[in-house]
Structure formats: structure tokens, C-alpha cells
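Taking it in order: structure first as C-alpha cells, then the write-up.
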């Protein structure tokens, strides 16, 4: 009865077409050959049991259901993004914690000093053991994502916010990487974590202005100090120059004073020596010379004693 | 008749095919299986196991299901068609993700905790008896993990859930990385030393070693693992994926962070001003002292010059005191009698007087 019924369902003219279709499907999807791409490895299962690993190229196999082949991309560096997603590479389109609520929830975490910080990270990994990767964990990507999130929060939670923001970045990346590797080894996932990068680490948006102001304040502090230092650099050389000038002029004065003294003393001694030889003549000569010089310039008024106090003769034009 | 015969052979061939196909089944590398005969387990096929795990499983079977055959490894297996059925289970590490839950910590803070766990069907026979399916297992895991997490986290302070080491905020490293940061139990401070280097002191929070996220999760994992054993499940680990403050509590943290930063900014600026004042004051002092020193030197030099000159004069004059008196008188006369002076004299005897008393003019 069954046979008759099925015969009625499939019209005679389509029968061969249907058979050919099924055979073709079988041939290409589960058939006697397969192609491994350069970045892949072929993992061959015979009756569900792992029997061989094959390299890139064209290979024959027993058709399904005898052999099946998995082709994990062992040479491709795969990546997991946390706190942001690359929606398209060209042109680059991202959503990140700055513009997406879900991403913010993923990126926002507590630091060890009970502050909040936003972190976007990338985890890069490669399949190191295709059999472990295929056979030991069911949802590999999801598991790695869970591990990465847990590890990031664990490590960031151990650090102060300033360490995460500035100086500790490298150390923190390494710690996260070690942690992810350790947990995936525990799961025997057969992956090698190549790198963990803190892509974007920022204080949360509501407090970012205050954080930026710290940097500005630091610069301000430096500016105040620089200003004072430039004052110092200007004032001290000026004072030094002034003091050299002051001392030099004193030395000039000193030389002049002493030399003048020596000169005058010499002249005095010379004249005195003359005086000693002939005191009367020299004294009179000096006296008269002086008087002559004096009387030449001085206004002289001669008063006639007999004529009384009111009579006088002005002998020079200059006197009054 | 001929048609009936064809139908008979056709049916026979169909059933033979079913029998042959039904006698074989494959267990893949990612699977494990239990063979039931009329509902009773007769054989267990497991995947990747260590010898110790195999021995444990064998011991469990001997105690709880004697007569069940245990074998290991993927491949092609045989069963009696119709009489025996195969239950296939996953042999990989499986995922469990619980929905984020609000937990109140010991210090009465609210925290949004999102956990995940990884588990494996460890004893497929027991698993089949107790929970049958993965969905059944997930709901049991929900019960176990959710309550254990709440219980353990409720016993800890927030900071212990966030942190996992006794390092002062991981400052062991921080100090190493930034060697001018130190930490103290109470203080939090920024100082700028004489060279203008900034030194920060950061408050450290200490924990006793049995606390912290890793310790908490270890305890949760151990307890959950023991409870899940009854379902033939092995819990690989339970981890906190996210433990964040609920939105309504974030505002308070933001306010505190802002105040903290403002304090640091103010401190920087105040320090800058102070440093600048110190430099300016020092400069002024230095300038004054440079000038004073120069003055002292200059005065000393002029003083010495004056005294030297005086000595020279004195020596010369002392040799001829009489002549000195005389010349000095003349000089003085010259000095007082300038161009604008005038002399009033009598008409008699002026020249005689002057000439006759040259030394006594004044």
C-alpha cells in the first residue's frame, strides 16, 4: 500500500529528476571529496571517530554517512570585541560604549578602588589544536567571550582606576591575556590567545570633564612653576651683571683715587724739595702766582680809607 | 498474485534495511551515549575521560547499576534493533548563563551580578535518570547556582566581590610601574617635592586572604559542584561575568569620583602656586644678596683705595709739614676765592702787606 501511495504522490515524469537531484546533493555536500582552504585544516571523522588531519587542497573521502569532515580555520587570527562591535570594515562602522547602551553595559566595570571605568577591549586568538577546539567545548566563541568578560573584570577589579587609565595598561593587558589563556586551557579549548588590547579606556562620560581637568591642572601647575622659573632666570643674571658693574666701577674709582694720590704726592714732594732748597723764593713765587691767578678772576674793590665808607672804585668790569 | 508477491518482497526488503540500519549507530567525538533495553540501561559509552574518571564511573555503575557495560571512545557501535534504544548526550563543555540578578552585599550595597557557568555531563546514566535533557539540567543549575551566588555574595562586602587579591589595589604592581606612588592605610594625598616631582599617596584597602572574588567563586564552584553531582553533572566553574552597580547607585559613585578628581586638580593648582611663590621669593632673596655682596665688595674696594690714598698723602705731607701748611693755605685761598668773589681793600699798603707776610696770610 505504501509503495502505491508514494507512486501516486510523485508523478512519473519527475521521478528521475528527483533522484538525480538527491544524488547531486549527496555528492557535493557529503560526497567522496572535499576541499580544504589554505587557512583551514581538515579534521576527518570516520563513524564519528577522529581518524585524520589533512592539509589544504583537494582530498578524497568515504561519502557520508561513513566519513564527515570539519574544516576549522586554524591559521586565521580571530577576534572577539568587547565594549564595541565592528559592524563593517570598509567603510569602518562601529558601535561602541559611547553611543550604544548594550555596549556600555558590556564596557562599564568597577575598579578596585570602587570607581567606574569604561573599557573596550579586543581579544585575538588562534586555534592551536583543532581537535580540542572542535570536540571539547560546544559554543567556543560564546565561551571565549564569557571568559574574556570575566577576566577583564577580574583584572580591572584588582587595580586602581589610575593604573587602568594610565600607567598600568600594559600590565593589565598581559594579566587579562594570561587569565583568558589559563581558563581556556582549563576548558581544553585548544586556542592560543595571541593578544589582548585595551582599545579605549575612559572614565565614564558624566565624570570625564573632571578627569580632563586633572590633566589641565597638572599643566597649570607646571605653567605656574615655569613662569616663576623664567622670572628667576631673568632676575638672577641681571643682578649678577649689575654687581659686576658695581664692583668694576669701584675698582675704577680705586685705581683713580690711588693714582691721583701718588701723582699728587709726587708733585707735592717735588715742589717741597724745591722749597727746601730755597724757601723764601719759592714761597714768594707760589704766593704771587696764586694771587695773580686769583686776582685775575676776582672782582676787586678798593676803598679809600680817608674818604669814608661810601667812596669806592670798581676796578674791574665784572664786580658790582 | 504477482503484485501481491512484489509487495511482500518489497516490504521484506524494507524491514531488512530497517533492521540493518537500526543495528548500527555512531557516537561522535562530541557525544556520549546510553543504550536502553526496553527502558533499562545496558550500556554506557563515554568520550574523553581520564583513567581515574573511568574508574570512578565504573565504581559508581557497580554500586548503582550493576550489569551495565561501560565503554569509551567515539566510533561505530552495534545494538539490537527495536529492542534497544540509544540516548545520545553531548560530551563537550556546555554553557550556562543566568540572567543578571540584583544582589545585596553584606555592606548593604546593591550590585547587579551576571554569572556564567560551564558544565559537562559527567555521568550520562545518572543524568538520564535525574534530568533527562539539557533543558532539565539548565533549570536545576538555575536553582543551584542562583541561590549559591546570592548566599555567598551576601556574606561579602562589595569591595571583596570586586577585588580578588590582598594586594593593595593591585598597587604592588602600580608602585612598581610608577615608582613615585606610595600607599597608606588612611591617607590619600598628592605632594610635589623639591624637584617638582609629583608624589601620590593612594588609599589602600586590605582584605583577608579568604575573601575576594576568586575565593568567593571557588567556594561557589565547590558547593555547586557537590550539589550538581547528584544530577550526573560536573560543574567546571562558576564565574562572575559582570558585577556592576545598578544605574541608580552609579550617580553616587560619579559624584564621589568627580569630587575626588576636583580635589586632585585643586591640589595641583595650589601646589603650582605655592611652588611658584617659593621660587619667586627665593629669587628675590638671591637677587638681594647678590646686590648686597656686590655693594660690600665695592665699598671695601673704595675704602681701601681711600685709605691707601690718605696714607700716600700723609706720608708725603709728613715729610714736609711746613710746606704743606703753606701750600694748603694757598689752595684754600684759591678755593674760597671763586670767580664770583670780590675783594674789598684799602688803598694803602696792600702789596707790602702781602709780600712781607707770605706765610701768615690766613
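Here, each number is a calculation from the coordinates, and none is a lab measurement. Predicted model, so just to flag it, every value in this text is computed and none were measured. Heads up, the Cβs are rebuilt from the backbone with ideal geometry, glycines too, and the neighbour counts pull from every protein chain shown.
Kindly put B:224, B:115 in sequence by how many other C-beta atoms sit within 10 Å of each C-beta, fewest to most. Numbers along the way, then the final one.
Details: B:224 22, B:115 25.
The fewest-first ordering by Cβ neighbours comes to B:224, B:115.
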Self-check item: Highest-fluctuation residue, A:171, A:40, A:229 considered, GNM on chain A with Cα pairs under 10 Å
Solution: A:229
Self-check item: Shielding by partners, peptide B:253-266 (average Cβ within 10 angstrom, other chains)
Solution: 6
Quiz item: Given a cut-off of under 8 Å on Cα pairs at least six residues apart, what relative contact order in percent is computed for segment A:45-152?
Solution: 24 percent
Practice problem: Return one number: the angle in degrees, 0 to 90 and rounded to the nearest 10, between the long axis of the Cα atoms of helix A:169-186 and the longest principal axis of the Cα atoms of chain A. | Solution: 20 degrees
Quiz item: Ranking A:296, B:230 by Cβ neighbours within 10 Å, fewest first, what do you get?
Solution: A:296, B:230
Quiz prompt | Gaussian network model of chain A, Cα within-10 Å springs - most flexible of A:63, A:92, A:203 | solution = A:92
Quiz item: On a 0 to 90 degree scale, rounded to 10, what angle separates helix A:279-297 from the longest Cα axis of chain A?
Solution: 70 degrees
Practice problem: For chain A, calculate the relative contact order in percent as a whole number, restricting contacts to Cα pairs under 8 Å that are 6 or more residues apart. | Solution: 11 percent
Quiz item: Among A:20, A:164, A:36, whose mean-square fluctuation peaks in a Gaussian network model of chain A (Cα, cutoff 10 Å)?
Solution: A:20
Exercise. Please report how far the C-alpha centroid of segment B:72-125 lies from that of segment A:19-76, rounded to the nearest whole angstrom.
Key: 29 Å
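Quick one: order A:45, A:29 by neighbouring beta-carbon count within 10 Å, fewest to most.
Working: A:45 23, A:29 10.
In order of increasing Cβ crowding within 10 Å: A:29, A:45.
State the three equivalent ellipsoid semi-axes of chain A, derived from the C-alpha gyration tensor as the square roots of 5 times its eigenvalues, in descending order and whole Å. Let's see the in-between values first.
Details: eigenvalues 2776, 116, 85 Å².
Working from the Cα gyration tensor, I get semi-axes of 118, 24, 21 Å.
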